[in-house]
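Remarks on the structure that follows.
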């Protein structure tokens, strides 16, 4: 899956997420209540990096503080949507 947003310079590709990726993300991410929203958005991206979600070259965690805040928001929200989607089970089987 590719996440792109031309306006904010986002162009990353996610690996084919498996259980190991979502487990690692779940361990790496801190509870949202521990941070203000702006900090938490960066933490979502850092957790995805740590969990191996991105294909190379991916994102360098050291670059996150220098990203535009809107780019961080867009990317973190999309990563959160992906996390929910891969854990979604169709009740009809």
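Against the definition (in contact with a strand residue (DSSP E or B) (Cβ under 7 Å, 6 or more places away or on another chain) and surrounded by 15 or more Cβ atoms within 10 Å (Cβ to Cβ)), how does residue 78 come out, yes or no?
Numbers: in contact with a strand residue (DSSP E or B) (Cβ under 7 Å, 6 or more places away or on another chain): yes; surrounded by 15 or more Cβ atoms within 10 Å (Cβ to Cβ): yes.
Here the answer is yes, as residue 78 does meet what is asked.
Run residue 69 past the list (1) out of contact with any strand residue (DSSP E or B) (no Cβ under 9 Å at 6 or more places or on another chain); (2) touching a residue at least 24 places away in the same chain (Cβ under 8 Å); (3) crowded, with 16+ Cβ neighbours inside 10 Å and report the number of the one that doesn't hold.
(3)
Out of (1) on the phi > 0 side of the Ramachandran plot; (2) more than 11 Å from the chain's Cα centre (by Cα), what's the single condition that is false for residue 32?
(1)
Evaluate the stretch 41-54: report whether one residue or more is surrounded by fewer than 13 Cβ atoms within 10 Å (Cβ to Cβ) and either closer than 14 Å to residue 17 by Cβ or over 14 Å from the mean Cα position of the chain (by Cα) (or both).
Scanning the stretch 41-54, I find no residue that is surrounded by fewer than 13 Cβ atoms within 10 Å (Cβ to Cβ) and either closer than 14 Å to residue 17 by Cβ or over 14 Å from the mean Cα position of the chain (by Cα) (or both), so the answer is no.
For residues in the stretch 73-93 being farther than 18 Å from residue 13 by Cβ and in contact (Cβ under 8 Å) with a residue 24 or more places away in the chain, which is nearest to the chain's Cα centre (by Cα)? Even if it seems obvious, please write down each step before you answer.
Within the stretch 73-93, the first condition is being farther than 18 Å from residue 13 by Cβ, and the residues that meet it are 73, 84, 87-93.
Restricting the remaining residues to those that are in contact (Cβ under 8 Å) with a residue 24 or more places away in the chain gives 73, 87.
Values: 73: 10, 87: 14 Å.
The residue in question is 73.
Could you list, in sequence order, the residues of the stretch 44-66 that are touching a residue at least 24 places away in the same chain (Cβ under 8 Å) and not in a helix (DSSP H, G or I)?
51, 52, 53, 54, 55, 58, 59
Could you please find all residues in the stretch 81-93 being surrounded by fewer than 17 Cβ atoms within 10 Å (Cβ to Cβ) and in contact with a helix residue (DSSP H, G or I) (Cβ under 8 Å, 6 or more places away or on another chain)?
86, 87
Can you find a residue in the stretch 26-40 that is out of contact with any strand residue (DSSP E or B) (no Cβ under 8 Å at 6 or more places or on another chain), in contact (Cβ under 8 Å) with a residue 60 or more places away in the chain, assigned to a helix (DSSP H, G or I) and farther than 25 Å from residue 88 by Cα?
no
Where a number appears in this text, it was derived from the coordinates with a stated rule and is not lab data. What you are looking at is a predicted structure, and each value in this text was computed from that prediction instead of being measured. Don't worry about glycine lacking a Cβ; one is built from the backbone with ideal geometry, like all the others, and counts go over all protein chains shown.
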